[in-house]
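I have placed the structure first, in the form of structure tokens, so that the comments after it can refer back to it.
The values are calculated or read from the model by the stated rules, or taken from the named source; none is laboratory data. Note that the coordinates shown come from a computational prediction; the quantities given were computed from them, not determined experimentally. Here the Cβ positions follow ideal geometry from the backbone for every residue, glycine too, while neighbour counts run over all protein chains shown. Side chains are part of the model used for accessible areas, which takes the heavy atoms of the whole protein and leaves out ligands, DNA and RNA. Shrake-Rupley method; radii C 1.70, N 1.55, O 1.52, S 1.80 Å.
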Amino acid sequence: MSEFFELLERYCGEGVEWKLLGDIAEIGTGKSDAREGLKEGLYPFYTCAKELLRKNEYEFDETAIIIVGSGSNAGKIFHYIEGKYALLQRTYRVCIQTPALLPKFCYYYICSSLPAHIEKYINKGAIPNILRPMLTDFPVPLPPLEVQREVVGILDLFTGLTAGLTAELELRKKQYAYYREVLLSFDEKSPSVIKEMTKRLCPNGIEYKTLGEV
């Protein structure tokens, strides 16, 4: 963790830039129908279910963040994909379009912060659905790339540890969640590594952008 503090002190002296997701990413949905899903197939097929299906045809070949857009898992289930895949009509793909933001860093930040953002706007009276403006107007931080790589490395490590655990699984999940929140919480009301460092190094405050702007 000391290296992370050193990175913040070295590269975040003037604050963290914020952008709206819609301004820095291509956001769209898939074209496939759930009935096209297979138990076995050449390519992953992301739907509104937690379980991953397969297809023998793909729609996209890219690095993307997948967000379930409808049903009980809307705004709660996320995937990170590099390569060919198929996508349900009611599931969103987010493709980062700026070299200033690492897709994997954005993925971790979305996992950490998007559910609370969606919760404010989602229609709970009917089948939950995410509308595109909920994503385009989501603000995302753009710390220096060195800081992003450090955060991704730490969270990748905990993700790998968690995947192979048995008896310690729940403990590691809590540990992973703690580090994720500490590293990725930029809310002024929440204690965080970056918040505390910013108070000391950025007395003039942080610029905020909506997700659509980035």
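Descriptive notes on the structure:
- When residues in region 91-132 are screened for being without any contact (Cβ under 8 Å) to a residue 60 or more places away in the chain and not polar (S, T, N, Q), 22 of them pass.
- Output for region 21-75, where each listed residue is under 19 Å from Tyr109 (Cβ atoms) and assigned to a helix (DSSP H, G or I): Leu21, Gly22, Asp23
- Answer residue from region 1-20, given it is open to solvent by 60 Å² or more (accessible area, probe 1.4 Å) and in a loop (DSSP other than H, G, I, E, B) and is modelled with the highest pLDDT among those: Glu14
- Only a single item in (1) modelled with pLDDT under 75; (2) surrounded by 16 or more Cβ atoms within 10 Å (Cβ to Cβ); (3) over 19 Å from Leu114 (Cα atoms) is not met by Leu184, and it is number (3).
- Yes/no for Ile122 being of a type in the set (Val, Ile, Thr) and at pLDDT 90 or above: no
- Residue in region 93-106 that is touching an Asp or Glu at 6+ places or on another chain (Cβ under 7 Å) and either part of a strand (DSSP E or B) or buried (at least 20 other Cβ atoms within 10 Å of the Cβ) (or both) present: yes
- Here region 121-148 is the region considered, the condition is being of a type in the set (S, T, N, Q) and part of a helix (DSSP H, G or I), and the residue that is most open to solvent (accessible area, probe 1.4 Å) is Thr136.
Listed here are the residues, each with its yes/no results for (1) open to solvent by 10 Å² or more (accessible area, probe 1.4 Å); (2) at pLDDT 95 or above; (3) within 24 Å of Thr159 (Cα to Cα).
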position: Ala34; (1), (2), (3): yes, no, no
position: Pro44; (1), (2), (3): yes, yes, yes
position: Tyr58; (1), (2), (3): yes, yes, no
position: Gly75; (1), (2), (3): no, no, yes
position: Gln89; (1), (2), (3): yes, no, no
